[in-house]
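To start, the structure under review is shown below, and the notes come after it.
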Amino acid sequence: MDWWASLEYKIRYKKDVDVPDDLLMELKECAEAELDDRMEKIRCCIDSLGGR
């Protein structure tokens, strides 16, 4: 799941607040870091280890 897009959607469309620019910039930087892809690769590696 694209957590960053989900969070951005929640901020922009579900909340009636003005989000500070620095928080929006941090969200953008996290999205660009492709953390979801990295976490998915880690999950696949862990799943391939077997176990229970």
**Message:** Quick check on the range 17-52: of everything there that is hydrophobic (A, V, I, L, M, F, W, C) and in a loop (DSSP other than H, G, I, E, B), which residue is farthest from the chain's Cα centre (by Cα)?
**Reply:** L49
**Request:** Among the residues of the range 12-31, write down those that are loosely packed, with under 10 Cβ neighbours inside 10 Å and touching a helix residue (DSSP H, G or I) at 6+ places or on another chain (Cβ under 9 Å).
**Result:** V17
**Message:** Every residue in the range 1-11 that is at pLDDT 75 or above and surrounded by fewer than 11 Cβ atoms within 10 Å (Cβ to Cβ), please.
**Reply:** S6, K10
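The values are calculated or read from the model by the stated rules, or taken from the named source; none is laboratory data. Remember, predicted model here, so these are calculated numbers, not experimental data. Every residue, glycine as well, gets a Cβ built from its backbone with ideal geometry; the counts of neighbours run over all protein chains shown.
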